[in-house]
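The values are calculated or read from the model by the stated rules, or taken from the named source; none is laboratory data. No experiment lies behind these values; they were computed from the predicted model shown. Positions of Cβ are generated from backbone atoms using ideal geometry, with glycine treated the same way; all protein chains shown enter the neighbour counts. Calculation scope for accessible area: heavy atoms of the full protein, side chains included, ligands and nucleic acids excluded. Shrake-Rupley method; radii C 1.70, N 1.55, O 1.52, S 1.80 Å.
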Amino acid sequence: MTEPLAGERGDRAPLIILCPPRSFSSVVCGMLGQHPQLYGLPEVNLFTADRLAGVLEAHRTRPHGLHGLLRALAQLHEGVQHEDSVERASEWVERRKHWSSRQVFDHICELTHPRIPVDKSPRTVMRTEFMQRAAKIFADASYLHLTRHPRSTCVSTLSLLERNEEWGGTAKAGRIDPERIWYSAHQNIMNFSNKLREGQSMRLKGEVLLSDPKCFLPQIAEWLGLRKDAQAIEAMLQPEQSPFACFGPDNAKYGNDPNYLNDPVLRLVKVREPNLDEPLEWAQDRSFLPATRKLAKLFGYR
């Protein structure tokens, strides 16, 4: 397969959602992916290495990180996601370990064409080099910087780990510092976004979007140069229609947030934002660090 040069993809350049885990990315990608000109992917994690072999190796100890890629390939190749189609997707990947991540993503772009793929892999923001790889592959990509209040993000992170042994369980929840993850991820995004062309990125509070999607979805569509008619907006209010808005087969169960997979229907209720001042639920002897508070206030949180 011939690799097109960065910048030659035109309307195939994806929309890439940048945010740390537990930042509403699954439901937002599900919503955007229902736009008739967009295609919402699960977490494919292709920007974590230069070659597919590297992506596989990076997820050797956390195989659920490959579920999204396998589900996407099964759906795009065969139109279904069951154990057999996922197994064939896994064999497809194994035969192409020598491919660059660029080739694999371009293959996905060709399969979704004329719809523009939406990528929502939170691991992309964990290292600046991952985002730089995305920019090198897709010079014309658009980036949606999605934020969530650090307190609710951190509480949600720990809750997910504690309730799911497959994701680490209580032991891992006790070892990680969710505030550090939130801060470093968003600082990475800010450093990356500051070097993008004007208009190439948009920052949006997830709480605001989910509280009033009929107001903000047309703004996202306009920014991307897409349809913003009533039919397109109504489609985006139904993220449960995504082929990835449910648990997959046993050999590729995840690829999105488990809470979203369990209940993907959008409920139009105001999302309450907590405050920055109270002691931390997971560390009652302190509150957020000054750097975290400063960055959160820049995003509009109090």
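Could you order peptides 29-37, 108-116 by the average number of other Cβ atoms within 10 Å of their residues, highest first?
Going by the mean number of other Cβ atoms within 10 Å, highest first, we get 29-37, 108-116.
Considering only Cα atoms, the convex hull volume of the stretch 64-147 works out to 120 Å³ per residue.
In terms of overall dimensions, the stretch 1-147 has a Cα radius of gyration and Dmax of 14.0, 38 angstrom.
Treating each Cα of the stretch 248-302 as an identical point scatterer and summing with the Debye formula, the log10 of I(q)/I(0) at q = 0.13, 0.21, 0.24, 0.29 Å⁻¹ comes to -0.61, -0.86, -0.92, -1.10.
Stretched out straight at 0.36 nm per residue, the stretch from residue 272 to residue 208 would grow longer than its current Cα-Cα span by 22.1 nm. For residue 124, neighbours were defined as the other residues whose beta-carbon sits under 12 Å from its Cβ, and their charges (Lys and Arg +1, Asp and Glu -1) total +1. Think of a 1.4 Å ball rolled over the protein heavy atoms: the stretch 10-275 then has 42 Å² of accessible area per residue. Pairs spanning more than 31 Å between alpha-carbon atoms, out of 253/297; 120/195; 120/228; 136/214; 97/253: 253/297; 136/214. According to the Cα-based calculation, Rg over Rh for the chain is 0.94, with Rh computed by the Kirkwood formula.
Sorting 18-27, 146-155 by average packing, meaning the other beta carbons within 10 Å per residue, from highest down gives 18-27, 146-155.
For the chain, the longest principal axis of the C-alpha atoms and the axis of helix 67-78 are separated by about 30°.
Among the aspartates and glutamates, which fall within straight-line cross-link reach of residue 205, defined as a Cα-Cα distance under 16 Å, with same-chain neighbours fewer than 8 residues apart omitted? Of all the aspartates and glutamates, those that pass the test against residue 205 - Cα under 16 Å, at least 8 places apart if same chain - are 273. Only DSSP H runs of four or more residues enter the estimate; each adds -39500 (n - 2.57), and after division by the residues of the chain the mean residue ellipticity at 222 nm equals -13500 deg cm²/dmol. Against the compact-protein benchmark of 2.2 N^0.38 Å, the Cα-based radius of gyration of the stretch 214-274 scales to 1.37. Relative to the first principal axis of the alpha-carbon coordinates of the chain, what is the inclination of helix 101-112, with its axis defined by its Cα atoms, in degrees from 0 to 90 and to the nearest 10? Approximately 80 degrees, to the nearest ten.
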